[in-house]
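Worksheet for the structure shown next.
Read the figures in this text as sums done on the coordinates, not as results from a lab. Keep in mind that what you see is a predicted model, and the values were worked out from it rather than measured. Cβ: placed from backbone, ideal geometry, glycine included. Neighbour counts: every protein chain shown.
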Amino acid sequence: MKLPSFEFLRARSLAEAWALHSDAGGDAVYLSGGHSVVPSMALRLQAPSRLIDISQIAELHGVELQGDALRIGAMTRHAEVLANPLIARHAPLLSRAAPHVAHPAIRNRGTIGGNLALADPASEFPAAVLAMRAELEVMGPEGQRMIAADDFFLDLYETALIPGEVLTAIHVPLPPEGRMFGFDEIARRRGDYAMVGVAAQADLSDGVVSDASVTLFSVGVTPMRATAAQDALKGAPLSTDSIARAQAALATDLDPPDDPGFPAERRLQLARVLLGRVLTRMEAVQ
Amino acid sequence: MKVMLSTTVNGEQVQEAVLPRTSLADFLREDLGLTGTHLGCEMGACGACLVLMDGVPVHACLVLAVQAEGSTIETIEGLNETGAAADLQARFHDRNALQCGFCTNGMLMSAQALLEANPAPTRDEIRDALSGNYCRCTGYEAIVDAIDTTARDRAARTEAAK
Ligand SMILES: Cc1cc2nc3c(=O)[nH]c(=O)nc-3n(C[C@H](O)[C@H](O)[C@H](O)COP(=O)(O)OP(=O)(O)OC[C@H]3O[C@@H](n4cnc5c(N)ncnc54)[C@H](O)[C@@H]3O)c2cc1C
Ligand code: FES
Ligand code: FES
């Protein structure tokens, strides 16, 4: 379908973006890659009177080490997330998630900032930033805020962003030597949204899991941290036993929706199978 | 209100006033008469509208024409003119990798971009690169064959030229 009419304005700076946004009295939408905005307007799910193109704003670009974190600009496109060596080294869950995000042509346009700001519960990057305990750098007319990923995803397509604020970057804390990572999803077809997905990382100290971070996606209205599964892994070596305990603990962590054709029980079962696969692969390379 | 757009399409500088709601696909087809870029779903699912934007495939139905400001666009007409994909097109023909041809231009765009980035893809990699392209006629085996053979031909030609 064709898009409804709107006014198109390009912001050259954050200050200009905020001004154009407040000027429209709330009836404006920021445009990054446009690969969620454009189809949703074509489907008449939204019809803002103004689109503000923020893709040229310098602060949103670049991937660089800053102190003890990797700063990934919000405009970093999915294809760049997949190919960037700094991301592969310091934020490997993102590079592992990227091949599962849509198809190659969509990855050439979609941006990590747009993806996180949209907060689709079946999307891969939100779960990866949660598992990595990343912080989201957000800027608005009132100044800069850093929001922990754990506090960013509030509800279905709802984030902690205040209208008009721009997500400028993702800060991923640099991983210690030897951290293990795992990511996978079950989808109906390559490139489709996940039916269920897992992102996990774990640290070992003297052969015992000293820290574990496990998140699941496509199991509820937001990506979710599996705290009971995390606890089940801690304090023991990563083994068939501890993996089975983590799988069992998922019943405490998750309360998946009961969709017609995809009952909650089956989703929980798939989550268990997938978590087992991901942790077993981590165990094999430890 | 129309916005001035200047962009390069198939090597030619283009200056046109466009409505912001115009997709790049509609701009190419209706304003420039380049109808080789097909429209199927108009929501990013079928891949019939793929064009190369600054050298990489993108869905022309999901890019607003105004977003192409300052960029370089290449459509199937451009590939025809330069002959850059002539061998690939010949293999699609040989292998019966098309029936109605509606999907073919998008398939060629994906295939051309894949072979540029990865001259020796495995069949799995070819399938992965085509995951966003629907064909409702042929099934994908012949298409994968055509791309696979082109990769081998190109490698053999490069080797022979050494
Ligand atoms: C066919 C198809 C399949 C897809 N499959 C998947 C998939 O499997 N997994 C997946 O994760 N995604 C998938 N996507 C979505 C894709 O990843 C989107 O590109 C992405 O979610 C949105 O990124 P964008 O840069 O295109 O954002 P846009 O569409 O430009 O924006 C999305 C939303 O975020 C807001 N926004 C954008 N940037 C910012 C910012 N910096 N600060 C504040 N707000 C901002 C916009 O106002 C808008 O509300 C798919 C899309 C398509 C069309
Ligand atoms: S028409 Fe663009 S993907 Fe189908
Ligand atoms: S040949 Fe008809 S859709 Fe592919």
Around residue B:142, with a cut-off of 12 angstrom between Cβ atoms, what is the net charge of the other residues, counting Lys and Arg +1 and Asp and Glu -1? -2
Calculated P(r) of segment A:1-83 - Cα pairs past 14 Å, %: 67 percent
For chain A, which longest stretch is free of loop sites, where a loop site is one of the GluC sites (Glu not before Pro) that DSSP puts outside H, G, I, E and B and that has at most 15 other Cβ atoms within 10 Å? A:1-141
log10 I(q)/I(0), Debye, Cα-only segment A:54-192, no solvent, q = 0.17 Å⁻¹? -0.90
Which lysines does residue B:2 reach when only Cα atoms under 21 Å apart count, and residues fewer than 8 places away in its own chain are ignored? A:2
Test item: A:22-29 mean partner chain Cβ contacts at 10 Å: 0
In nm, spacing of pseudo-spin labels at residue A:86 and residue A:248 (7 Å Cα→C-beta vector): 4.5 nm
Using r as the Cβ-Cβ distance of residue A:281 and residue A:221, and R0 as 25 Å, what FRET efficiency do you calculate, to the nearest 0.05? 0.35
Shielding of B:16-22 by partner chains, average beta-carbon count, 10 Å: 4
Treating only the Cβ of Lys, Arg, Asp and Glu as charged (+1, +1, -1, -1), what charge dipole size does the protein assembly as shown show about its Cα centre? Round to the nearest 20 debye. 820 debye
Around residue B:2, with a cut-off of 12 angstrom between Cβ atoms, what is the net charge of the other residues, counting Lys and Arg +1 and Asp and Glu -1? -2
Give me, ordered by chain and number, the residues 5 or more places off residue B:61 or on other chains with an amide H under 5 Å from its own placed amide H. B:25
Could you state, as a whole-number percent, how many of the C-alpha pairs of segment A:43-135 are farther apart than 18 Å? 46 percent
Can you tell me how much longer the chain between residue A:1 and residue A:145 gets when fully stretched, taken as 0.36 nm per residue apart minus their C-alpha distance, in nm with one decimal? 48.0 nm
May I ask you to evaluate 6.51 cos²θ - 1.76 cosθ + 1.60, the Karplus curve with θ = phi - 60°, for each residue of segment B:68-81 and list the ³J(HN,Hα) values in order in whole Hz, giving x for glycine and proline? 8, 3, x, 9, 10, 10, 10, 10, 4, 4, x, 5, 4, 5
Taking a point 7 angstrom from the Cα of residue B:13 along the C-beta vector, which residues in segment B:54-94 have backbone N less than 16 Å away? B:69-73
Which value in nm describes the separation of the simple spin-label points at residue A:19 and residue B:99, placed 7 Å from the Cα toward the beta carbon? 5.8 nm
For segment B:55-162, rounded, prolate or oblate, judged on the Cα gyration tensor with a ≥ b ≥ c (square roots of eigenvalues), a/c < 1.5 rounded, else prolate if a/b > b/c? oblate
Checked the protein assembly as shown with the C-alpha gyration tensor, a ≥ b ≥ c its square-rooted eigenvalues, rounded below a/c of 1.5, otherwise prolate if a/b is larger than b/c and oblate if not; verdict oblate
Pairwise label distance in nanometres, residue A:40 with residue A:179, each label 7 Å out on the Cα-Cβ vector: 3.0 nm
Report the one residue of A:106, A:157, A:58 whose Cα lies farthest in the direction of the positive end of the charge dipole of segment A:33-174 (charges on C-beta: Lys and Arg +1, Asp and Glu -1; origin at the Cα centre). A:106
With r defined as the distance between the Cβ atoms of residue B:141 and residue A:231 and R0 fixed at 60 Å, what FRET efficiency is calculated, to the nearest 0.05? 0.80
Qualifying trypsin sites (Lys or Arg not before Pro) in segment A:1-98, DSSP loop, other Cβ atoms within 10 Å at most 16: A:2, A:12, A:44
Over the whole of B:60-69, what's the average partner chain Cβ count within 10 Å per residue? Rounded to a whole number, please. 5
Once you charge only the Cβ atoms, +1 for Lys and Arg and -1 for Asp and Glu, what is the size of the charge dipole of segment A:185-239 about its Cα centre, to the nearest 20 debye? 340 debye
About the Cα centre, charge dipole magnitude for segment B:55-162 (Lys/Arg +1, Asp/Glu -1 at Cβ), debye: 200 debye
